[in-house]
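The values are calculated or read from the model by the stated rules, or taken from the named source; none is laboratory data. Nothing here was measured: the structure is a model prediction, and the numbers come from that model. Note: ideal-geometry Cβ built from the backbone for every residue, glycine included; neighbour counts use all protein chains shown. When the accessible area is computed, the model is the full protein with side chains, heavy atoms only, and any ligands, DNA or RNA have been set aside. Shrake-Rupley method; radii C 1.70, N 1.55, O 1.52, S 1.80 Å.
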Amino acid sequence: MTFPSQSKSFVRAAIAGAGTVTRCGTKFKIERHQIQTLFSHNGIKNQFLRGFSVAAHLDKNSWATVDPDKLNKDNVHRMANLAGGKWLETTKYADVVDPLNGHVFMQMPDTSQGEVGPFVESLSLVPKTGLHNPLKNPERYNQYAEISHKAAVALDDPEIEDFFIKCIQRVMPKSRTQAYNEIAVTRTFLKTFAGDMVRFTARGFMVAGDHAGQESKGYRFPFGPVALIAPFNFPFEIPVLQLMGCLFMGNKPVVKGSEKTSMVLEQYIRLLHACGMPLEDVDLIHSHGDTMEHLIKSAPIRLTQFTGSSMVAERLSLVTHGKVKIEDAGFDWKILGPDAANQNLDYVAWVCDQDAYAMSGQKCSAQSIMFTHSNWMKRGILGKIESLATRRSLEDLTISPVLSVTTERIKEHVDQLLKIPGAYVVFGGEELEKHNIPKCYGAVKPTAVFVPLEEMLRNKENFELCTTEIFGPFQVITEYDDSSVDRVIEACERMSHHLTAAVVSSDTAFQHKILSNTVNGTTYTGIRARTTGAPANHWFGPSNDPRGAGIGSPEAILLVWTSHREIIEDRLPPPDSWTTPPPT
C-alpha cells in the first residue's frame, strides 16, 4: 500500500491508530493493522517517527514572526536582534523600503556601537576550542545532524517552502523559480548533512610514527567565536549554507545579513530554534557596516567569513589583520569556443541569457564578459541572446530591481564604454518602462555592449573600464578568432578576481589550452558550460586568493570553518636498552 508523504493529518491518524486522511485531493483510509504492519519494519518506523513527527510539530505559525503576504506600508514588520539566547530590541530602527514601490514595509534594528555589549559578552564566553570539537562534546556533531534533518523536513513542507520563497521575493525581487532554487539547493544541502555526514566531514587522519607507541593524528578544530556577514542577493541560500557549516564544525557565530534582506535570515534562525538548536548557539545582529566593524574589533572574533563586494572585503582584511575568508566580487568570463554549430545555437544562447540576466545579473557568478569566437558571431548568437533577453518582464520578476547599482550609474558606465573606438550597444542600455522602483535602486533593461578585443587590451584604462563589475543586467561582449586565442588568455590573466568561468566548447584541445592557463575557482567546461549555478553537489568559490572561501561542499566547510591541529602521541616507555646519548 502507499501512504501519503509528510502529511500532518496522517501523523495524527497514525498516532491515533486509524483514520481517513486527505493528501493532494486523494483520500487514504488507514486501518490499525496497517499502521502496525508499517511500524513492524524498524527502518520505516524510524523514518516515519523522525520525518512525519517533525512535519507535524513545525507549523510555521509556531515560530514565524512575519507574513510576507501582508507586508506593506500599513503593516510594517519589525525585526529583532539575538544575543546570548535572548531576543533584543534597540533604541533606534532603520526603515527598509519595498524594492518594487519604495514604501517602508519593515524596520530593522539600527544597532549602535554602544549596543554591541551583549554580543561581545556572548562571544567572550566561547573558548577557542569552540562549543564542540573531535575531543570535546562530540555528541554535538550528531545533535546538529538531527537539526539539519529536521530543517530539511521542514523545508519539504509546501507551506514552509512557500513561506520562504515569498520572504525572499519581498526583499530581493526575483522570479519564483529563482527564489525556489535557493530553497531547493539549501534543502538538499541539509539532507546531505543529516545522519553521520556532520562528523564524517570533521574526520581527521592518522600517520604511523617512527617507533612503537608513536603516531600522529590530524584533527579539524573550530575557531570558536566567529563572524559571518552575508550578502543581499541570495538572502536564504548563502547565509544558511555558511551558517550550517560553521555550526557543524563547533563554532559560535554572530551573523549579520544585508540591511535590505536580513528578515529572511532571522526567520530561518527562528526555524532552527524550532528544530532544536539551542538559542545560545547563534547570535544575530541587524546593523549597518560601521557597527559590525566595531563589533569585530571589540569581540574576540577569531575568523570573519564575508560574502559581498571587493571593497568591503579589502576593508575587512585590514580590520581583522587577515583573519578572513572571503567570496567577493566576481567579474566572470565566458569563452565561446571555435566549434560553433547550428544545432547548439539555441541552447547556448539560452544559457548565455540565463547567466547574464537571470535575477537581473545580481549573482556573483553572473556572466560579466563573453569572448565570442567569430564562428558563433557568424551564426547570429548575439541576435539570439537579444531575443531571449527581451522576453524578460518586471511583471513576473524575470527582470527585477537592481539593489546595489542605480540606473544613473549603469547608464553612465555604458556611456564611458562607448567612448572606446569601435564600441556599440548590442541591445538594452535603457531604463525600464512603467515601473515604481525607487531611485536608490537600478531599473534597467538587459544590456550588452560590444568592445573590440584589441581596443580593450590597448591600455590599462580601457581594460579596467571593460572589466569593472556592474552588479546588474549588464555584460561586455567581444570577438576573437583562431589567431587571437592567446589574447583572450591574456585578458583572463589580467583580471583581478577569479570566481566562476565557462569554456563553451567540445573541442578537447581548446578546452585544455584555456583550462591550463586560467585559474577561476568554479569553472564549467563543455558545450553546456555556464557561469552561474551553485548546486549542492560541487564546490563553489574563488581561486588564486589565500583568503578565498568556498561554500556548499564538505571541502568548503573544512577550508572555511576549521583549522588543522596535529597531536603526536608517544605512549610507550623507551626500551630497556635505552641509554642517555651524547649531546648534539
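Looking for whichever is in contact with a Ser or Thr (Cβ under 7 Å, 6 or more places away or on another chain), under 21 Å from Ala549 (Cβ atoms) and at pLDDT 95 or above here; the options are Thr304, Thr291. Which one fits?
Thr304
With respect to Arg571, determine if the residue is under 25 Å from Met249 (Cα atoms), surrounded by fewer than 22 Cβ atoms within 10 Å (Cβ to Cβ) and of a type in the set (D, E, K, R).
Values: under 25 Å from Met249 (Cα atoms): no; surrounded by fewer than 22 Cβ atoms within 10 Å (Cβ to Cβ): yes; of a type in the set (D, E, K, R): yes.
No, not satisfied.
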> Taking interchain pairs and intrachain pairs at least six residues apart, which have beta carbon atoms under 7 angstrom, with the first residue in the stretch 203-219 and at positive phi and the second hydrophobic (A, V, I, L, M, F, W, C) and open to solvent by less than 50 Å² (accessible area, probe 1.4 Å)?
Replying inline: none
> For the stretch 447-478, how many residues are open to solvent by 20 Å² or more (accessible area, probe 1.4 Å), closer than 21 Å to Asn517 by Cβ and touching a Phe, Trp or Tyr at 6+ places or on another chain (Cβ under 8 Å)?
Replying inline: 1
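Of all residues in the stretch 526-552 being of a type in the set (S, T, N, Q) and touching a helix residue (DSSP H, G or I) at 6+ places or on another chain (Cβ under 9 Å), which is surrounded by the most Cβ atoms within 10 Å (Cβ to Cβ)?
Ranking the candidates gives Thr531 first.
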> Is there any pair linking a residue in the stretch 267-278 that is over 16 Å from Ile168 (Cβ atoms) and open to solvent by 40 Å² or more (accessible area, probe 1.4 Å) to one that is at pLDDT below 95 and in a helix (DSSP H, G or I), with Cβ under 9 Å and at least six apart or on different chains, and which?
Replying inline: Ala274/His57; Ala274/Lys60; Ala274/Ser62
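Would you check if Lys174 is open to solvent by 20 Å² or more (accessible area, probe 1.4 Å), at pLDDT 95 or above and of a type in the set (Lys, Arg)?
Values: open to solvent by 20 Å² or more (accessible area, probe 1.4 Å): no; at pLDDT 95 or above: yes; of a type in the set (Lys, Arg): yes.
No, not satisfied.
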>> Of all residues being open to solvent by 50 Å² or more (accessible area, probe 1.4 Å) and in contact (Cβ under 8 Å) with a residue 60 or more places away in the chain in the stretch 479-488, which is nearest to Ser404 (Cα to Cα)? Just the residue, please.
In response: Glu479
> Does any residue in the stretch 84-100 that is polar (S, T, N, Q) come within less than 9 Å, Cβ to Cβ, of a residue that is open to solvent by 70 Å² or more (accessible area, probe 1.4 Å) six or more places away or on a different chain, and which pairs are these?
Replying inline: Thr91/Gly114
> Residue check: is Leu100 assigned to a loop (DSSP other than H, G, I, E, B) and of a type in the set (A, V, I, L, M)?
Replying inline: yes
>> Quick check on my filter: what residues within the stretch 327-357 are more than 21 Å from Ile399 (Cα to Cα) and polar (S, T, N, Q)?
In response: Asn342, Gln343, Asn344
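Are there any strands (runs of 3 or more DSSP E) wholly within the stretch 495-584 with 2 or more residues that are of a type in the set (Val, Ile, Thr) and more than 30 Å from Gln475 (Cα to Cα), and if so which?
Values: elements: 500-504, 522-525, 563-570.
In the stretch 495-584, 563-570 are the strands (runs of 3 or more DSSP E) which contain 2 or more residues that are of a type in the set (Val, Ile, Thr) and more than 30 Å from Gln475 (Cα to Cα).
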>> Take Val104 and tell me if it is at pLDDT 95 or above and surrounded by 22 or more Cβ atoms within 10 Å (Cβ to Cβ).
In response: no
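Given the criteria in contact with a Lys or Arg (Cβ under 9 Å, 6 or more places away or on another chain) and at negative phi, does Arg528 qualify?
On the way: in contact with a Lys or Arg (Cβ under 9 Å, 6 or more places away or on another chain): no; at negative phi: yes.
For Arg528, the condition - in contact with a Lys or Arg (Cβ under 9 Å, 6 or more places away or on another chain) and at negative phi - is not met.
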> When the stretch 406-422 is examined, which residues are found to be open to solvent by 20 Å² or more (accessible area, probe 1.4 Å) and hydrophobic (A, V, I, L, M, F, W, C)?
Replying inline: Leu418
> When you go through (1) touching a Cys at 6+ places or on another chain (Cβ under 9 Å); (2) free of Cβ contacts under 8 Å to residues at least 12 places away in the same chain one by one for Ala501, which number turns out not to apply?
Replying inline: (2)
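Among the candidates Ala227, Ala208, Ala194, which residue alone is touching a Ser or Thr at 6+ places or on another chain (Cβ under 6 Å) and more than 30 Å from Val104 (Cα to Cα)? Reasoning before the result, please.
Details: Ala227 fails: more than 30 Å from Val104 (Cα to Cα); Ala208 fails: touching a Ser or Thr at 6+ places or on another chain (Cβ under 6 Å).
Matching residue, one of Ala227, Ala208, Ala194: Ala194.
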> Which of (1) open to solvent by less than 10 Å² (accessible area, probe 1.4 Å); (2) of a type outside the set (Val, Ile, Thr); (3) assigned to a helix (DSSP H, G or I) is the odd one out, the single condition Gly130 does not satisfy?
Replying inline: (3)
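When the residues of the stretch 491-506 are narrowed to those that are of a type in the set (Ser, Thr, Tyr) and at pLDDT 95 or above, which ends up nearest to Lys460 (Cα to Cα)?
Residues of the stretch 491-506 that are of a type in the set (Ser, Thr, Tyr), as a first pass: 496, 500, 505-506.
Remaining after also requiring at pLDDT 95 or above: 500, 505-506.
Numbers: Thr500: 23, Ser505: 29, Ser506: 33 Å.
Applying the filter and picking the extreme gives Thr500.
Residues are listed down the side, and each one gets a yes or a no for (1) free of Cβ contacts under 8 Å to residues at least 40 places away in the same chain; (2) open to solvent by 40 Å² or more (accessible area, probe 1.4 Å):
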position: Ser393; (1), (2): yes, no
position: Pro401; (1), (2): no, no
position: Ser404; (1), (2): no, yes
position: Gly429; (1), (2): yes, no
position: Asn436; (1), (2): no, yes
> Among the residues of the stretch 73-86, how many are closer than 16 Å to Val116 by Cβ and surrounded by 14 or more Cβ atoms within 10 Å (Cβ to Cβ)?
Replying inline: 5
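Quick one: in the stretch 234-266, of everything that is of a type in the set (A, V, I, L, M, F, W, C) and closer than 18 Å to Pro68 by Cβ, which residue is most open to solvent (accessible area, probe 1.4 Å)?
Step one: list which residues in the stretch 234-266 are of a type in the set (A, V, I, L, M, F, W, C), which gives 234, 236, 238, 240-241, 243-244, 246-249, 254-255, 263-265.
Those left that are additionally closer than 18 Å to Pro68 by Cβ: 234, 236, 240, 263-265.
Details: Phe234: 31, Phe236: 1, Val240: 2, Met263: 1, Val264: 0, Leu265: 5 Å².
Residue satisfying both the conditions and the ranking: Phe234.
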> Does the stretch 210-233 hold any residues that are open to solvent by less than 30 Å² (accessible area, probe 1.4 Å), out of contact with any Pro (no Cβ under 9 Å at 6 or more places or on another chain) and outside any strand (DSSP E or B), and which are they?
Replying inline: Pro222, Phe232, Asn233
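Select from the stretch 137-158 the residues that are in contact with a helix residue (DSSP H, G or I) (Cβ under 6 Å, 6 or more places away or on another chain) and either open to solvent by 60 Å² or more (accessible area, probe 1.4 Å) or touching a residue at least 40 places away in the same chain (Cβ under 8 Å) (or both) and list them in ascending order.
Going through the stretch 137-158, the residues in contact with a helix residue (DSSP H, G or I) (Cβ under 6 Å, 6 or more places away or on another chain) turn out to be 141, 144-145, 148, 150-155, 157.
Once the filter is applied, which keeps residues that are in contact with a helix residue (DSSP H, G or I) (Cβ under 6 Å, 6 or more places away or on another chain) and either open to solvent by 60 Å² or more (accessible area, probe 1.4 Å) or touching a residue at least 40 places away in the same chain (Cβ under 8 Å) (or both), the stretch 137-158 yields Tyr141, Tyr144, Ala145, Ser148, Lys150, Ala151, Ala152, Val153, Ala154, Asp157.
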>> Among the residues of the stretch 386-406, what is the count of those that are under 15 Å from Gly429 (Cα atoms), outside any loop (DSSP other than H, G, I, E, B) and in contact with a helix residue (DSSP H, G or I) (Cβ under 7 Å, 6 or more places away or on another chain)?
In response: 2
>> So Lys439 ticks every box in (1) closer than 24 Å to Ile335 by Cα; (2) within 32 Å of the chain's Cα centre (by Cα) but one. Which box is left unticked?
In response: (1)
> Restricting to the stretch 177-196, what's the tally of residues that are assigned to a helix (DSSP H, G or I) and open to solvent by 10 Å² or more (accessible area, probe 1.4 Å)?
Replying inline: 10
> In the stretch 438-449, is there at least one residue being at pLDDT 95 or above, basic (Lys, Arg) and within 14 Å of Tyr357 (Cα to Cα)?
Replying inline: yes
